[in-house]
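Report on the structure given below.
The values are calculated or read from the model by the stated rules, or taken from the named source; none is laboratory data. These figures come from a predicted structure and were not determined experimentally. Cβ coordinates were reconstructed from backbone atoms using ideal geometry, including for glycine residues, and neighbour counts include every protein chain displayed. Note: areas computed on protein heavy atoms with side chains; ligands, DNA, RNA excluded. Shrake-Rupley method; radii C 1.70, N 1.55, O 1.52, S 1.80 Å.
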Amino acid sequence: MSSSKMLRLILVQHPVGEVKEDNVTHVLSMIRKTVAEEKRTTVPILVVLPELFNSPYGPQFFDKYAEYVPDGYTSKALSGIAKELGIYIIGGSYPERDAQNPKTLYNTCTIWGPKGELLGKHRKLHLYDVEVPGKVSFKESSAMTPGKNFTIVEIGPAKIGIGICFDVAHDEFSRIYRNEGCNFLVYPSAFPLYTGELHWEVYPRARATDFQCYVAMTSATRDYTNSFVSWGYTILCDPYGQVMKKAGEDEEIIKADLDFSVVDLWREQLPKFRKRRTDLYECTAKVPTK
């Protein structure tokens with residue numbers, strides 16, 4: 001395998017409490033310790049964090065924990081650790097306050113480069129509004145505003161389409177990323193127990209199978225003391241739709257070396273994309289994807 005086709009991936013699953021600074025400090029210590037254990041390499045290192053990694057998950061928390069991007073506490077912390085360690089970070093997500101309209105909040109994922117630079121940000125498009133009597137009740141739109149853009153970043157051999165949690169449930173959204181040539185889809189997520197049991201493994205395996213790419217979903221740990229209990233089980237799937245690695249319910253780091261020549265080979269061997277009948281059907285973006 002060529003090192004030019006490789007990416008070293010680190011997925012972080014960690015507990016989330018009610019003190020923002022403690023959450024961020026703990027994540028930074030996990031990143032620092034894990035990267036220090038890595039052998040020196042020319043292969044890019046990418047760390048991925050969970051959805052709302054600095055904040056409890058719930059509409060009642062979003063305004064209190066919201067901050068500006070890139071000038072807020074969490075953004076500066078992620079920028080600093082990326083520069084310190086010379087790595088890439090997909091910063092899960094955290095509540096973002098709109099600079100032009102401070103009352104407007106987004107669920108935002110930031111992406112940082114090895115010089116501490118902000119490479120992009122993704123505002124969650126599909127807000128999680130669900131009502132299953134006796135199982136789960138949640139209305140993210142009561143506090144958040146949905147984003148309006150696709151987000152693609154290139155890190156070494158990886159062309160990465162970014163989504164957040166409920167974004168993964170919409171196959172058309174991911175199809176746009178495949179249309180743009182993405183070979184890796186990343187979804188920081190926070191599934192409740194009910195839908196976690198039903199769909200947590202189904203969605204990434206389906207997206208990996210459909211689009212012949214790597215797919216990662218990162219979660220916080222399962223903590224029954226929180227008002228919202230995350231499913232856990234941070235997961236990585238390969239381009240064949242198989243589970244490569246999966247965490248449990250507790251704090252855990254998943255490491256994997258991703259070989260993107262595998263994506264190229266599988267797409268050539270099973271040319272699903274070329275065999276589409278675009279004379280009969282089509283899925284297109286209505287906003288720019290770059």
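Observations on the structure shown:
- 5 angstrom amide H check on Lys245, placed H, neighbours 5+ away: Leu236
- ³J(HN,Hα) computed for each position of region 185-195 - Karplus, 6.51 cos²θ - 1.76 cosθ + 1.60, integer Hz, glycine/proline x: 10, 10, 10, x, 9, 9, 8, x, 4, 4, 6
- With 5 Å bins from 0: P(r) over region 68-136, alpha-carbon pairs, percent: 4, 17, 23, 19, 13, 10, 7, 5, 3, 1
- Cα Rg over Rh - region 147-188, Kirkwood: 0.93
- Highest average packing first - 11-21, 219-229, 45-55, Cβ atoms within 10 Å: 45-55, 11-21, 219-229
- Straightening the chain between Asp223 and Gln60 buys 56.9 nm, computed as 0.36 nm per residue apart minus the Cα-Cα spacing.
- Rg of the Cα atoms in region 213-290, relative to 2.2 N^0.38 Å, amounts to 1.54.
- Cleavage-rule hits, GluC sites (Glu not before Pro), region 156-239, DSSP coil, Cβ neighbours within 10 Å at most 12: none
- Residue-normalised accessible area of the chain, given per residue in Å² at a 1.4 Å probe: 45
- Shown here: Cα extents along the principal axes in Å, derived from the displayed model; of the candidates (i) 53, 44, 37; (ii) 55, 39, 38; (iii) 50, 47, 38, it corresponds to (iii).
- The slack in the chain from Thr284 to Glu21, taken as 0.36 nm per residue of separation less the alpha-carbon distance, amounts to 90.6 nm.
- Of the peptides 113-121, 231-239, the ranking by mean beta-carbon count within 10 Å, highest at the top, reads 231-239, 113-121.
- The calculated FRET efficiency for the pair Thr34 and Tyr240, based on their C-beta separation and a Förster distance of 22 Å, comes to about 0.25.
- Label-to-label distance, Thr41 versus Leu270, with points set 7 angstrom from Cα along the beta-carbon direction: 2.6 nm.
- Computed FRET value (nearest 0.05) for Asp210 with Tyr73, which takes r as the C-beta separation and R₀ as 41 Å: 0.60
- Additional length obtainable on full extension of the chain from Glu201 to Lys115, 0.36 nm per residue less Cα span: 27.5 nm
- With one equal scatterer per alpha carbon and no solvent term, the Debye-computed log10 I(q)/I(0) for region 159-222 at 0.16, 0.20, 0.23, 0.25 1/Å reads -0.45, -0.69, -0.89, -1.04.
- Taken one residue at a time, the phi angles of region 43-59 give Karplus couplings (6.51, -1.76, 1.60, θ = phi - 60°) of 6, x, 10, 10, 9, 10, 10, x, 5, 6, 6, 9, 9, x, 9, x, x Hz. Gly and Pro are set to x.
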